[in-house]
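The values are calculated or read from the model by the stated rules, or taken from the named source; none is laboratory data. Model, not experiment: these values are computed from the prediction. Here the Cβ is made from the backbone with ideal geometry for all residues, glycine too, and neighbour counts use every protein chain on show. The protein model used for the area step is the full one, side chains on, heavy atoms only, and it has no ligands, DNA or RNA in it. Shrake-Rupley method; radii C 1.70, N 1.55, O 1.52, S 1.80 Å.
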Amino acid sequence: MTEETPGFEEKPDVPSGATSDDAEPQTATPSSEGAAAPDGDAAAQLVGLTAQLDQARTALNERTADLQRLQAEFQNYRRRVERDRIAVKEIAIANLLTELLPVLDDIGRARDHGELVGGFKSVAESLETVAAKMGLQQFGKEGEPFDPTIHEALMHSYAPDVTETTCVAILQPGYRIGERTIRPARVAVAEPQPGAQTVKADSQDSAEAADDKESGGPDEG
């Protein structure tokens, strides 16, 4: 008869080389903090890249604005230089032709007196041709209305056959280059005689009254 040792419990046989932990495997559950860490790093990197992209866009916009401003300033500079170059050229030509105006006046007087003959005539005509090619234009004609912006009145009189201040004689022709007057035309002007307009108006009223009388007056309704 065998005796049993109290408090002793039999355990199942375990293969050799295995531990009790291996005998009862447990499913390992990954930590939620470890799984969330890679997602947090990616979000931080995305935020950093977005900020860098915004900075690059801002810098690009600033450089583009600087380039556009420089281009506009350069275009304005070119236009200003071209305008100044043309103005300087026109001033130089005007100064030269202004010095030649007395010579042209002498040529005109010689032509009026029939003294423009021979070699002097050829030289004079060549000079006038060169002056015209440089843009010199002569103006001032008898009978045109007096304009104080282009005419200079040296003589004044009254005439019954004019209805406004009129140039009746050209003492010296005027000259211009394009729209720029380099010398006004020096003229003698005539104005209507005082009271001539009133007399003319009275005569016209009398003639109309006579016509009405001959026709029997205005028609009666």
Mean Cβ-within-10 Å packing, highest first, puts peptides 155-162, 40-47, 98-105 in the order 98-105, 155-162, 40-47
Scattering from the C-alpha atoms of the stretch 45-193 alone, worked out with Debye: what is log10 I(q)/I(0) at q = 0.13, 0.19 1/Å? -0.78, -1.13
Can you give the accessible area of F146, probe radius 1.4 Å, in Å² rounded to 10? 60 Å²
